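See structure below.
A short reminder: the numbers here are calculations on the coordinates, not readings from a lab. It should be emphasised that the depicted structure is a prediction, and the values quoted were computed from it without experimental measurement. Cβ: placed from backbone, ideal geometry, glycine included. Neighbour counts: every protein chain shown.
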Amino acid sequence: MNYSGYNEKVKQLVKTRLSDTEMIGLELGSGGSVSLFSELIYIILNLFSEQAKIDKQLESKIRQYNFKFDENKNILLYLRQLDY
């Protein structure tokens with residue numbers, strides 16, 4: 001997969017994520033258990049997935065980042081840990 005292929009894949013992965021506001025509401029409503037269960041489900045689904053190994057690695061890495069779009073509609077990724 002070339003650079004533009006990865007760029008499109010990252011954009012697809014970013015679009016499937018909930019916004020920070022949606023995540024906060026979901027976490028508050030569930031008492032924090034949603035992130036625990038969602039991570040467990042993600043691990044189990046990833047074990048049985050037929051995705052290519054590189055796609056699994058990319059998806060796993062993207063989950064560690066938050067994102068913003070700049071004025072040119074480029075994606076700016078930054079570590080979630082730096083947000084706190």
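Span-like helices, the chain: DSSP H, alpha-carbon axial extent 20 Å or more, mean Kyte-Doolittle -1.0 or greater, which ones? Don't skip to the end; give the middle numbers.
Details: long enough: 33-48 (23 Å, 1.74).
Correct list, ordered by number: 33-48.
Please compute the net charge surrounding residue 47, taking Lys and Arg as +1 and Asp and Glu as -1 over other residues with Cβ under 14 Å from its Cβ.
Working: positive: 53, 56; negative: 39, 50, 59.
So the surrounding residues net to -1.
Under 1.5 on a/c is rounded, so check that first for the chain, then, if it is not, pick prolate when a/b is larger than b/c and oblate when it is not; a ≥ b ≥ c are the square roots of the alpha carbon gyration tensor eigenvalues. Oblate, because a/c is 1.5 or more while a/b does not exceed b/c.
Please give the net charge around residue 26, taking every other residue with its beta carbon less than 14 angstrom from that of residue 26, where Lys and Arg add +1 and Asp and Glu add -1. Residues close to residue 26 contribute a combined charge of -3. Please report how many Lys pairs in the chain have alpha carbons closer than 20 angstrom, counting only residues at least 8 apart along the chain or sitting on separate chains. Taking the chain as the scope, the lysine pair count is 15. Placing +1 on the Cβ of every Lys and Arg and -1 on the Cβ of every Asp and Glu, with nothing else charged, gives the chain a dipole about its Cα centre of roughly 240 debye. What whole number of Å gives the distance from the Cα centroid of region 16-31 to the Cα centroid of region 42-82? Going from one Cα centre to the other spans 17 Å.
Could you sort the peptides 54-66, 22-34 by per-residue average Cβ neighbour count (10 Å cutoff), highest mean leading?
On the way: 54-66: 14.1, 22-34: 11.3.
So the peptides 54-66, 22-34, ranked by packing, come out 54-66, 22-34.
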